[in-house]
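Computed from the coordinates by the stated procedures, all read-outs in this text should not be read as laboratory data. Computed from a predicted model, the values in this text were never measured in an experiment. Glycine also receives a Cβ, built like all others from the backbone with ideal geometry; neighbour counts cover every protein chain displayed.
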């Protein structure tokens, strides 16, 4: 009787160990795929935009976010309407950006493209922290939407060809001052990419 129970527990333990090892192998495989895709995408984005970043006052981070830093170029103070100069930049940037992301190498690997609006932690002479937060959240969401709307509506052939894909994957997020940087870079717009393999890692971790 005891030996039979021990045998059952042994089989259960072995099965559990096999499952854990399988999950570990899956995690390693997904993590390696994510690392490689992320590194390759970073290289391709730099190849495409390296010569434009300085004049746009933009940067590409190691996480493949494309960040537009100059508040004077982007919007008027406390307004969400895009300035003419920023519209011109988006007309140059977005079709080429989508051309890279929608290539055979990456299209099925992209889970989400986010336009993030970021603000400072101030609002004129306002002192109430709650009002400052809510005003900046509303403003950042509106700015993110205006950028998304303008990019999505461009008449460029690459954009038009990928409209359905954009509808499935293109999002606008107002961040207010959730990711606050130094003051001169707090008012900014970021294009952020979420990879499919990144989502898989999060699901395994859960």
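Here are some notes:
- Cβ-Cβ distance of residue 149 and residue 78, R₀ of 22 Å, FRET efficiency by 1/(1 + (r/R0)^6): the value works out to about 0.70.
- Packing order of peptides 50-58, 120-128, 92-100, highest average first: 92-100, 50-58, 120-128 (average count of other Cβ atoms within 10 Å over each peptide's residues).
- Ordering 140, 103, 70 from the fewest to the most neighbouring beta carbons within 10 Å gives 103, 70, 140.
- The calculated FRET efficiency for residue 168 paired with residue 131, based on their beta-carbon distance and R0 = 41 Å, is about 0.70.
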